[in-house]
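Read the structure below first, then the notes.
None of the figures in this text is laboratory data; all of them are computed from the coordinates on show. The structure presented is a predicted model; accordingly, all values stated were derived computationally and were not measured. Glycine also receives a Cβ, built like all others from the backbone with ideal geometry; neighbour counts cover every protein chain displayed.
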Amino acid sequence: MVDQTRQDELRRAIELLFFGYRAFTDRPDRILERRGLGRVHHRILYFVGRNPEVSVKGLLEILAVSKQALSAPLRQLTEAKLVGVVGHADDRRVKRLSLTADGRRLEAELTGTQMRQLSQAFDEAGAADEAGWTRVMARIADVEP
């Protein structure tokens, strides 16, 4: 149950999360837009880059999306030669994904803008605030910090 006396604080937190995410994704969105890509493409590039040779099934689990939701944007990234797909040596039905050289450059550019933004904010806020933010975001995401 939500504490009724905290409604204003919680609404402010919701707004900060919304506006913070909008600012966090703005520059990468503009970079992607020039290529005819969107935010979903960035998520795929990011997590394929962080999980080299991830299977399509593994990527589906990481992103928590359906195969249908992943199919079109992944196909666009492979057609643009940003993501490579190879069959697994033991089972050709298993497709392994990795970033191409162009994919690595684009992912580094996109994520680099966000890393610089976070770094500046964390530097200005201080270590204690960064640790608090990390704990709160981990609780929201239901993951270990």
Answer in debye to the nearest 20: the dipole magnitude of the stretch 1-116 about its Cα centre, from +1 Lys/Arg and -1 Asp/Glu charges placed on Cβ, is 340 debye
Could you give the longest part of the chain that holds none of the trypsin sites (Lys or Arg not before Pro) found in DSSP loops with at most 13 neighbouring Cβ atoms within 10 Å?
94-145
Per 0.36 nm of contour for each residue apart, how much would the distance between ILE140 and ALA108 grow if the chain were fully extended, relative to their Cα-Cα spacing?
8.9 nm
Could you work out how far the C-alpha centroid of the stretch 92-145 sits from that of the stretch 1-35, in angstrom?
16 Å
Test of understanding: ordering VAL65, VAL54, VAL143, VAL83 by Cβ neighbours within 10 Å, fewest first, what list do you get?
VAL143, VAL65, VAL54, VAL83
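Suppose R0 equals 35 Å. What FRET efficiency, 1/(1 + (r/R0)^6) with r the Cβ-Cβ distance, do LYS57 and GLU33 give to the nearest 0.05?
According to the calculation, E is roughly 0.75.
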Once amide H atoms are placed 1.01 Å from N in the peptide plane, what residues at a sequence separation of 5 or more from LEU99, or on another chain, have their amide H within under 5 Å of its amide H?
GLU53, GLY84
Among the lysines, which have Cα under 19 Å from the Cα of LYS67 when same-chain residues fewer than 8 positions away are ignored?
LYS57, LYS95
With -39,500 (n - 2.57) per DSSP H segment of 4 or more residues and division by the full residue count of the chain, the 222 nm estimate, nearest 500 deg cm²/dmol, is -23000 deg cm²/dmol
Extending each Cα 7 Å along its Cβ direction at GLN68 and ALA89, get the distance between those two points in nm, one decimal.
3.7 nm
log₁₀ I(q)/I(0) of the chain at q = 0.08, 0.09, 0.19, 0.20 Å⁻¹, via Debye over equal Cα point scatterers, no solvent, to two decimals?
-0.29, -0.37, -1.21, -1.28
